[in-house]
Amino acid sequence: MSVQDNNRFQSIISHAKEYGFVFPSSEIYDGLSAVYDYGPHGSELKKNIRDYWWKSMTQMHENIVGIDAAIFMHPTTWKASGHVDNFSDPMIDNKDSKKRYRVDHLIEAHADKLKEKGADGEKQADELLATMDQLLANDDFAGLKKLIEDNKIVCAVSETSNWTEIRQFNLMFSTQIGSVSDEADTIYLRPETAQGIFVNFLNVQKTARMKIPFGIAQIGKAFRNEIVARQFIFRMREFEQMEMQFFIKPGTQKEWYDYWKETRLKWHLSLGIPADKYRFHDHVKLAHYADAALDIEYEFPIGFKEVEGIHSRTDFDLGNHQKYSGKKLTYFDTEINQHYVPYVIETSIGLDRMFLLILSHAYEEETWTKEDGSPDSRVVLHLPPAIAPIKLGIMPLTKKDGLPEIAREIMNTCKPHFRCFYEEKDAIGKRYRRQDAIGTPFCITVDHQTKEDQTVTIRHRDSMQQERIHISEIKAKVLDLITL
RNA sequence: GCGGAAGUAGCUCAAUUGGUAGAGCGAUAGCCUUCCAAGCUAUAGGUUGCGGGUUCGACCCUCGUCUUCCGCUCCA
């Protein structure tokens, strides 16, 4: 990351705090690591992004319906999903190099080296791996540590065997349900929202009378106890996902994967973000549930980073829930008169990351020279008008001569239809600057001419140009401009 | 979690070798009013991140801790 980009990222974070978009959580208590709160303008912007996604996915797709599942789920859910096995790993640190390894990766790497040494080594390696699997299955950390020491496994960097104790890192947050604290009552905060959709597959399919192919959309919080959570709201421990699971006939996953890949990119571009800021990143190493996966990456000031994932999840999830619950999760396809467990294409976008994306794209520090030769500047958020927290600033040029009364009338006419902000304090230029800083796309100014001919000026945020329109046109014009 | 750097008003920063914290911007109220921040007046706002230690005395030295940033590491 260049110094310039880094400064830009810092400026965006400062701006977000100063203008009420994002605050560090519990700031008066020094904050809580990697947890943030959304302020007055931030919560509005976030809600608008959320609403736009929801509308695009459900209202605009007749075969997609929504749900809102609970954050708490039956503990077996996470066994079936693979999270209990894959989301908690024993880790060990080398004290000299400060490198941290997953214990199984460390031992496997050693086994690979042994195998290169011929038949003897291969036999040793197989024994080693068998012992490791057994110890892992029993969560025998002391045994694993001994195994590492007995085999004289060294760190690849420091080449020493100066290891810490093995520690368990569980990326799922746990809590207790019920009044008695018993181990059997331990439940997890969901590490992803997808499982709430899978366990409700039949409920939704039957009650909404859905026919394959169809999708279920959901927006909600998920929680991951990241070892390292950093970079502002990019990686948080509590975050919000906007997910859609699309259920399809087995064998058609390739075409639907491609369809959603293109459809989702179009959604991003519809917000006016340039295509060259995006790229696809195909996963080479696939997760345990997928037969194809890619990330939609955006060029943040901190580099190209994942904002959305498209995953072909096969029948892994429904199949496993069927197995663990003992309930049939099949669909009867009347076209071919067959039961089957549907395949799934998932689109999963981080709402907080989308928020950061929008903010990163919108933020600009502009400088220019005025007519008299003096320099001028402003900080402006070029937010897409449809998702801007405030759509219209309404301001009388001065506080007297009856101008505020007219402006108030306009305010009352417009505020039921879109978010407006009324202000009469300070010079008009200063008021424009304040609206620029929070991304308000349009400002109406009532001046003395208004009293003569019932016209006002409407000022456009990005161009700073103004045009005169009749008071009666304001509502319709703004509504038109804020519609995507 | 490790290493490095930083933390003073909402923001950006000051404060001689250790002598009980100031300014600009911003905010609020009022005046003025000329359509792009920069006029005038007043007001509010800080146990210097937090907690110990050294000292007659700590923003300053020291230890711990929290948070943030950078680099590792991790990342379904």
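Some values worked out for this structure:
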read-out: Solvent-accessible area, 1.4 Å probe, carbon plus sulfur percent, for segment A:390-481; value: 50 percent
read-out: Once exposed loop GluC sites (Glu not before Pro) are cut out (DSSP; at most 10 other Cβ, 10 Å), longest piece of chain A; value: A:166-334
read-out: Too-long pairs where the Cα-Cα distance tops 24 Å, listed order kept, from A:LYS17/A:LYS475; A:LYS55/A:LYS221; A:LYS79/A:LYS113; A:LYS211/A:LYS285; A:LYS221/A:LYS249; value: A:LYS17/A:LYS475; A:LYS79/A:LYS113; A:LYS211/A:LYS285; A:LYS221/A:LYS249
read-out: DSSP H segments from chain A that extend 20 Å or more along their own axis, Cα-based, with Kyte-Doolittle mean of -1.0 or above; value: A:119-137
read-out: Candidate aspartates and glutamates for bridging to A:LYS46, where Cα separation is under 14 Å - those fewer than 8 sequence places away on the same chain excluded; value: A:ASP37, A:GLU240, A:ASP352
read-out: Listed peptides A:439-445, A:336-342 by packing density, highest first (mean Cβ within 10 Å); value: A:439-445, A:336-342
read-out: Accessible surface, per residue, of chain A when the full set of protein chains is kept, probe 1.4 Å, Å²; value: 50 Å²
read-out: Equivalent-ellipsoid semi-axes of segment A:390-481, from the Cα gyration tensor, Å, largest first; value: 17, 15, 12
read-out: Rel. contact order, % - alpha carbon contacts under 8 angstrom, at least six apart, chain A; value: 13 percent
read-out: Binned Cα-Cα distance frequencies in chain A - 10 Å width, integer %; value: 3, 15, 22, 22, 18, 11, 6, 3, 1, 0
read-out: Using alpha carbons only: equivalent-ellipsoid semi-axes of segment A:186-229, gyration tensor based, whole Å; value: 28, 11, 7
read-out: Chain A: calculated mean residue ellipticity at 222 nm from DSSP helix runs of at least 4, using -39500 (n - 2.57); value: -10500 deg cm²/dmol
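The values are calculated or read from the model by the stated rules, or taken from the named source; none is laboratory data. The structure displayed is predicted, hence computed values, not measured ones. Here Cβ is always computed from backbone atoms with ideal geometry, including for glycine, and neighbour counts include all displayed protein chains. Accessible surface areas use protein heavy atoms only, side chains included; no ligands, DNA or RNA. Shrake-Rupley method; radii C 1.70, N 1.55, O 1.52, S 1.80 Å.
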